[in-house]
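Asks: One structure, as structure tokens, below. Some questions next.
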Amino acid sequence: MVKTSVTLSGLTLDNPVIPASGTFGYGYEFAELYDINILGSFSFKGTTQQPRFGNPTPRIAECTGGLINSVGLQNPGIEKVIAEELPRMAKCFHKPVIANISGFSVEEYVHNCALIDTQPQVGIIEVNVSCPNVHHGGMAFGTDPACAAEVTRAVKAVCKKPVYIKLSPNVTDIVSIAKACEEAGADGISLINTLMGMRIDLKTKRPVVANKMGGFSGSAIFPVALRMVYQVYEAVKIPIMGIGGVSSADDVIEMMLAGATAVQVGAANLVEPFACKKIIEDLPRAMEQYGIQSLSDIIGGAHQ
Ligand code: SIN
């Protein structure tokens, strides 16, 4: 009998498979399809202080091996998330969730994190300094080590729960940013968010997405994400949640060998709503195939 459980900042997960923020809503639509309590956890939609309608449409462009999104952090705002979404979520998901928190200023990150930190359902706070779809805030905080450290320090000062910083791949040196977050007190790093991309419609000769550019995700970005997880694992001691193009049990194992303690599945949920269920069901078979008894033993195994 293989062992799929992993421990993330003191939180033991039955398995490392976690739907990524923005690809799983608050879980209820998926709960109509299968029992989502088989998941390790899930990260809910990025939450800002104010409700947001998001960017103008069209917001999605199809690409080979993935898709571009420019959603623009559509969400009902932190107060409504706490008053309405968390209680509704508690009816279908009975494990600690990951709260993905966004902001447009350090003060907003602090405000939102302090509020979400009081919620018993929340196991980990994932601070999103990497959204590429808003014109200020978001990625602006995650592309500079000093800014990322400032947000980390400020948020850590008001949170008792573990704080993971979700980083952008749209940088020249991911390692320096991850290290700055670790030095500022981050409990872990989530990486990567989407890669900036665009498509042009050949008939209209205009960008497909109304915001012109968006974040590219899907299986095509897996090697980029894997490379960044590998590099960051060599530089920091805190745990990493590996994200980017994961769509199979083999991908989960590969991401863990690179250094991830847990693995988030994003775009695959949009293509195949049963993606996470299938990955979780496939994991024991894949582990046996590669002679793995316990998943936690292989974290960073490719570095030895
Ligand atoms: C979005 O809502 O635009 C996507 C969120 C993100 O990429 O962080």
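Asks: Could the peptides 228-234, 34-40, 269-275 be put in order, highest first, of the mean number of other beta-carbon atoms found within 10 Å of their residues?
Replies: Values: 228-234: 21.4, 34-40: 17.7, 269-275: 16.1.
The peptides rank, most packed first, as 228-234, 34-40, 269-275.
Asks: Something else about it: Suppose only helical runs count, i.e. DSSP H with n ≥ 4. What mean residue ellipticity at 222 nm does that imply for the chain under -39500 (n - 2.57) per run, divided by all residues and rounded to the nearest 500 deg cm²/dmol? Walk me through the numbers before you get to the answer.
Replies: Numbers: 9 runs with 89 residues, N = 304.
That calculation yields -8500 deg cm²/dmol at 222 nm.
Asks: Tell me the per residue accessible area of region 6-303 using a 1.4 Å probe; a whole number in Å² is fine. It would help to have the intermediate numbers written out before the result.
Replies: Details: 12050 Å² over 298 residues.
The answer is 40 Å² per residue.
Asks: Run the numbers on region 133-222 and let me know its relative contact order in percent, using alpha-carbon pairs under 8 Å that are six or more apart.
Replies: Working: 118 pairs, mean separation 23.9, N = 90.
That works out to 27 percent.
Asks: Just the number, please: percent antiparallel of the DSSP beta bridges in region 6-303, rounded to the nearest 5. Mind dumping the intermediate values first?
Replies: Values: 16 of 40 bridges.
Percentage antiparallel, nearest 5: 40.
Asks: Springs between alpha-carbon pairs under 10 angstrom, Gaussian network model over the chain: which of Lys278, Lys166, Lys45 fluctuates most?
Replies: Judging by the Gaussian network model, the answer is Lys278.
Asks: Right, something else. Where the convex hull is taken over the Cα atoms of region 6-303, what is its projected area averaged over directions, in nm²?
Replies: Details: hull surface 56.8 nm².
About 14.2 nm², averaged over all directions.
Asks: If eta is 0.692 mPa s and T is 37 °C, what Stokes-Einstein diffusion coefficient results for region 94-215, Kirkwood Rh from Cα pairs, in µm²/s?
Replies: On the way: Rh = 14.9 Å.
Roughly 220 µm²/s, to the nearest whole number.
Asks: Give the relative contact order (percent, whole number) for region 6-303; include only Cα pairs under 8 Å separated by 6+ residues. Walk me through the numbers on the way to the answer.
Replies: Values: 700 pairs, mean separation 56.7, N = 298.
Taking the mean separation of contacting Cα pairs over the length of region 6-303, I get 19 percent.
Asks: Within the chain, what whole-number % of the accessible surface is contributed by carbon and sulfur, with the 1.4 Å probe and all protein chains included in the calculation?
Replies: Working: 6920 of 12630 Å².
Whole-percent figure for carbon plus sulfur exposure: 55.
Asks: Compute the Rg/Rh shape ratio of region 189-304: radius of gyration over Kirkwood radius, all on alpha-carbon atoms. Present the calculation step by step, with values, prior to reporting the outcome.
Replies: Working: Rg = 16.2 Å, Rh = 15.2 Å.
On the Cα set of region 189-304, Rg over Rh gives 1.07.
The values are calculated or read from the model by the stated rules, or taken from the named source; none is laboratory data. The structure presented is a predicted model; accordingly, all values stated were derived computationally and were not measured. Using ideal geometry, Cβ is built from the backbone for each residue, glycine included, and neighbour counts are taken over all protein chains shown. Remember, those area values only see protein heavy atoms, side chains included, never the ligands or the DNA or RNA. Shrake-Rupley method; radii C 1.70, N 1.55, O 1.52, S 1.80 Å.
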